[in-house]
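**Student:** Handing you a structure now.
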Amino acid sequence: MNPITSFLVFVCFVAGLAMTQWVSNYLALVFFGAAIFIALALKMANAWEKFVILRMGKLQSVKGPGLFVIIPVIDNVIAVIDGRIQTTAFNAEQALTRDTVPVNVDAIIFWHVHDAEKAALAITNYREAIDRVAQTSLREMIGSSMLAALLSDRKEADEQLKDEIAKKTSPWGISVSSVEIRDVAIPEALQDAMSRQAQAEREKQARVILGSAEAAIAGKFVEAADIYAGHPAALQLRAMNIIYETTKERGATILIPSSMVDSLNPSVTGLALSLATKQMPDAGAASPQSAA
């Protein structure tokens, strides 16, 4: 009983008691009868409620929100429908995917009643029916989906499930706002296998990237070799720069072969060779004189 009806019933009942004490018992019966009538006839629906009323077994009207009056005994409120958005959690355990992998899926559906008359008359218990339909649709969706698609394309699976459930519940006056898959659990053995597969794929990609880098480096080395072959002085400067870079650290001792030092100083080497060639003829000319 709503607060307004309760208040009016209380007022009539108190007035009837007062009439029995100071006025007339017959008048008191009138107030008592009014209290009973108000209690049975005056109804109030909240902003989110719809009252489905049958009159002598036939649909009379759908009332609400606000105050309204029904005829006691003749009219009967068979259902009070909540029009707010509601949620229903459902799941599917050990459901087989298209590639025969058992999975456990948890989901939640957001729905509301858009037609109170259909929800009250077209089905016995629409809340229980929504739960059953959601579970059945979820199993059908899992059975038609590959595991990889189910794990990666959550939004597409949500939309598919929403459309399927909405198509079944629409004749009952129920609209589906959205469906969200919360969790997809797969067997631990399969998780380990998928983890190893993912690790192998990453290692494969890493090796491919490393090979590409090596090929690029080799190509650059070939280009550098061609440049150094045409410009020996550039190669010597590069070698000297490498030695300079390695001697930056204090206290470092570096052993360099003499042949490498000679190659890094061609002017000195050329000067030594020219002096040697000059000294050889002079020595040959001095020997006859000494003999004479």
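The values are calculated or read from the model by the stated rules, or taken from the named source; none is laboratory data. Note that the structure is a prediction, hence the values are computed from the model and not measured. Glycine also receives a Cβ, built like all others from the backbone with ideal geometry; neighbour counts cover every protein chain displayed. With ligands, DNA and RNA removed, areas are computed over all heavy atoms of the protein, side chains included. Shrake-Rupley method; radii C 1.70, N 1.55, O 1.52, S 1.80 Å.
**Student:** Condition first: within 30 Å of residue 47 (Cβ to Cβ), touching a residue at least 40 places away in the same chain (Cβ under 8 Å) and outside any strand (DSSP E or B). Can you find one or more residues in the stretch 99-111 that meet it?
**Tutor:** So far as the stretch 99-111 goes, no, none of its residues is within 30 Å of residue 47 (Cβ to Cβ), touching a residue at least 40 places away in the same chain (Cβ under 8 Å) and outside any strand (DSSP E or B).
**Student:** Open to solvent by less than 60 Å² (accessible area, probe 1.4 Å) and within 30 Å of residue 59 (Cα to Cα), is that true of residue 113?
**Tutor:** Details: open to solvent by less than 60 Å² (accessible area, probe 1.4 Å): yes; within 30 Å of residue 59 (Cα to Cα): yes.
Considered against the rule, which asks whether it is open to solvent by less than 60 Å² (accessible area, probe 1.4 Å) and within 30 Å of residue 59 (Cα to Cα), residue 113 comes out as yes.
**Student:** Working carefully through the options 60, 21, find the one that is in a strand (DSSP E or B) and farther than 24 Å from residue 176 by Cα. Can you show your working first?
**Tutor:** Numbers: 21 fails: in a strand (DSSP E or B).
Result of the check over 60, 21: 60.
**Student:** Please specify each residue of the stretch 1-18 satisfying the condition of being assigned to a loop (DSSP other than H, G, I, E, B) and among the hydrophobic types (A, V, I, L, M, F, W, C). Spell out the reasoning first.
**Tutor:** Of all residues in the stretch 1-18, those assigned to a loop (DSSP other than H, G, I, E, B) come to 1-2.
The answer is 1, and nothing else.
**Student:** Which number in (1) modelled with pLDDT under 90; (2) under 17 Å from the mean Cα position of the chain (by Cα) marks the one condition that residue 108 misses?
**Tutor:** (1)
**Student:** Determine, yes or no, whether residue 95 is touching a Gly at 6+ places or on another chain (Cβ under 8 Å), under 30 Å from residue 187 (Cα atoms) and either buried (at least 17 other Cβ atoms within 10 Å of the Cβ) or not hydrophobic (A, V, I, L, M, F, W, C) (or both). Before you say what the answer is, go through the steps one by one.
**Tutor:** On the way: touching a Gly at 6+ places or on another chain (Cβ under 8 Å): yes; under 30 Å from residue 187 (Cα atoms): yes; either buried (at least 17 other Cβ atoms within 10 Å of the Cβ) or not hydrophobic (A, V, I, L, M, F, W, C) (or both): yes.
Answer is yes for this residue.
**Student:** Can you pull out the residues in the stretch 151-174 that are in contact (Cβ under 8 Å) with a residue 12 or more places away in the chain and of a type in the set (Lys, Arg)?
**Tutor:** 154, 162, 168
**Student:** Restricting the stretch 171-189 to residues that are of a type in the set (A, V, I, L, M, F, W, C) and open to solvent by 30 Å² or more (accessible area, probe 1.4 Å), which is modelled with the highest pLDDT? I'd like the intermediate steps shown before the answer.
**Tutor:** So the first thing to find is which residues in the stretch 171-189 are of a type in the set (A, V, I, L, M, F, W, C), and the list is 172, 174, 176, 179, 181, 184-186, 189.
Narrowing the set further to residues that are open to solvent by 30 Å² or more (accessible area, probe 1.4 Å) leaves 172, 185, 189.
Working: 172: 93, 185: 84, 189: 71.
Among those that are of a type in the set (A, V, I, L, M, F, W, C) and open to solvent by 30 Å² or more (accessible area, probe 1.4 Å), it is 172.
**Student:** Taking the stretch 206-227, which residues are over 52 Å from the mean Cα position of the chain (by Cα) and open to solvent by 70 Å² or more (accessible area, probe 1.4 Å)? Give the derivation first.
**Tutor:** Going residue by residue through the stretch 206-227, those that are over 52 Å from the mean Cα position of the chain (by Cα) are 225-227.
Once the filter is applied, which keeps residues that are over 52 Å from the mean Cα position of the chain (by Cα) and open to solvent by 70 Å² or more (accessible area, probe 1.4 Å), the stretch 206-227 yields 226, 227.
**Student:** Conditions: (1) within 22 Å of the chain's Cα centre (by Cα); (2) part of a helix (DSSP H, G or I); (3) over 30 Å from residue 100 (Cα atoms); (4) among the polar types (S, T, N, Q). Residue 160 meets all but one. Number of the miss?
**Tutor:** Residue 160 satisfies every listed condition except (3).
**Student:** Can you tell me which residues in the stretch 132-157 are open to solvent by less than 30 Å² (accessible area, probe 1.4 Å) and part of a helix (DSSP H, G or I)? Break it down into steps so the answer makes sense when it comes.
**Tutor:** So in the stretch 132-157, the residues open to solvent by less than 30 Å² (accessible area, probe 1.4 Å) come out as 133-134, 137-138, 141-142, 145, 147, 150, 157.
Answer for the stretch 132-157, where residues must be open to solvent by less than 30 Å² (accessible area, probe 1.4 Å) and part of a helix (DSSP H, G or I): 133, 134, 137, 138, 141, 142, 147, 150, 157.
**Student:** Applying the selection to the stretch 75-92, what residues are more than 30 Å from residue 146 (Cβ to Cβ), open to solvent by 70 Å² or more (accessible area, probe 1.4 Å) and not basic (Lys, Arg)? Walk me through how you get there before you give the answer.
**Tutor:** Pass one, the stretch 75-92, residues more than 30 Å from residue 146 (Cβ to Cβ): 75-86.
Next cut, open to solvent by 70 Å² or more (accessible area, probe 1.4 Å) only: 76, 80, 84-85.
Selection gives 76, 80, 85.
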